[in-house]
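Taking it in order: structure first as structure tokens, then the write-up.
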Amino acid sequence: LALGCRQLNGDQRMNSEYLREVEQECQEAFTSQDSEKRRVAESSLRCFTENPQMLPQLEYILLNSSNSYALVMAASSLRNLLSKKWGSIDLPIKTSLRGRVTSLLTSRSSSWDNYTTTLAIQLVARFTKLGWQDADDFRKIVDFSLDSLQGPPNEAILAGRILEAIVSDFNTQLSGHSVTAHRRMVVSFRDTRLFDVFKASVVMLQKIRLGQTTFQGRELEVIEVLVNISLSCLNYDFVGTAVDDGNEEMRCVHYPSSWYKAICDEATLTAFVAVFEEFQPPLSSKALECMAQLASTRRSIFPTEHARKDYLNRLVATQINIIKRNTGLDELENRHHFCRFITRMKANFSLLELCSIDAFAEWSMLVKKFTIDALVGVDPEAVF
């Protein structure tokens with residue numbers, strides 16, 4: 001019988017034989033140099049992404065296989081199947097499967113390769129998104145991951161990757177899902193847990209910078225996942241307009257009013273500046289992306305004009321220090337995102353506001369010098 005026609009039963013020998021056949025087909029699909037063998041294998045495996053009745057088989061493969069190709073197939077197929085058939089699967093089945101997949105990820109990810117772990121994380125994130133409004137069980141992973149951020153290095157890194165994947169998945173509209181349904185999920189997550197995730201990432205960055213917490217020599221890995229979380233939160237589609245990121249002039253981020261203290265806290269900007277100054281791209285450039293997002297904060301979030309001016313002064317002071325020290329600006333990726341940082345500030349603050357700050361003359365001269373130096377230093381043969 002074809003793989004899609006097989007049913008698992010209590011016969012362990014037959015189930016093990018089925019697993020070996022699946023692993024062999026996956027090996028052929030991913031590695032065979034023979035196009036015909038690869039086509040046949042892919043056709044045999046296609047049933048796993050189209051038929052909800054294959055859920056028990058996919059679960060069995062995830063729980064029992066140690067073959068990377070089979071694990072990748074099972075995780076990606078289950079994610080696609082859930083995305084297409086979520087409404088036709090009974091809630092108890094989805095809840096139970098979510099629990100087992102999450103337990104599997106937390107217990108075995110250390111023995112998997114990075115690609116397999118990434119797909120399993122994306123699968124957990126998809127469960128969380130699709131089931132967010134169905135039952136509280138689907139929300140528990142957020143609390144669990146927030147607590148684990150303060151745990152041992154392996155737990156903190158995995159928890160950070162899970163949180164970043166959840167935020168990114170909520171911010172992505174799935175094919176075949178209505179805009180209205182997507183917005184309901186996006187707004188619900190924004191109003192309930194997004195701020196908690198952002199605040200936790202920034203606070204942990206601050207603690208690492210101040211030496212208040214250590215991760216047994218793995219601080220760089222933890223900082224990387226924390227910056228990824230922060231950037232995903234700051235890039236969140238807060239109002240659902242899906243602004244084209246290529247149009248810098250229209251880039252204004254509508255953070256909720258409840259975010260004001262965290263966004264405008266000097267320690268938040270300082271945490272990203274510290275990451276930028278200490279590390280190389282791509283980590284340093286991601287820190288600059290975070291700063292650019294902070295510079296895009298909407299005007300109405302500020303309680304007074306004085307508060308907005310103070311915030312502008314901190315942004316200007318940050319740019320002045322970066323240009324003066326020439327910190328990391330010899331790296332093309334950093335230079336690109338620093339230009340975006342400047343552009344975002346220009347787009348969100350009027351010329352009158354910029355002229356009113358104390359360091360305007362120094363800032364304008366330094367930006368002018370930076371621009372000229374950057375243009376002169378462009379490789380004429382570089383491809384952009």
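Residues that are within 22 Å of the chain's Cα centre (by Cα) and either more than 27 Å from residue 182 (Cα to Cα) or not acidic (Asp, Glu) (or both) occur in the stretch 85-98; there is at least one. Taking the criterion of being surrounded by fewer than 16 Cβ atoms within 10 Å (Cβ to Cβ) and in contact (Cβ under 8 Å) with a residue 40 or more places away in the chain, the only residue of the stretch 222-241 that qualifies is 240.
Inside the stretch 147-165, can you point out the residues that are of a type in the set (A, V, I, L, M, F, W, C) and within 20 Å of residue 108 (Cβ to Cβ)? Answer for the stretch 147-165, where residues must be of a type in the set (A, V, I, L, M, F, W, C) and within 20 Å of residue 108 (Cβ to Cβ): 156, 157, 158, 159, 162, 163, 165. Does the stretch 84-91 include one or more residues that are within 20 Å of residue 186 (Cα to Cα) and among the β-branched types (Val, Ile, Thr)? Taking every residue of the stretch 84-91 in turn, none turns out to be within 20 Å of residue 186 (Cα to Cα) and among the β-branched types (Val, Ile, Thr).
In the stretch 255-309, the qualifying residues are those that are touching a helix residue (DSSP H, G or I) at 6+ places or on another chain (Cβ under 7 Å) and not in a helix (DSSP H, G or I), and the one that is most open to solvent (accessible area, probe 1.4 Å) is 282.
In the stretch 44-73, what residues are surrounded by 15 or more Cβ atoms within 10 Å (Cβ to Cβ) and of a type in the set (A, V, I, L, M)? Residues satisfying the conditions are 45, 54, 55, 58, 61, 62, 70, 71, 72, 73.
The values are calculated or read from the model by the stated rules, or taken from the named source; none is laboratory data. None of the values given here were measured: they were computed from a predicted structure. Here Cβ is always computed from backbone atoms with ideal geometry, including for glycine, and neighbour counts include all displayed protein chains. SASA here: full protein model, heavy atoms, side chains in, ligands and nucleic acids out. Shrake-Rupley method; radii C 1.70, N 1.55, O 1.52, S 1.80 Å.
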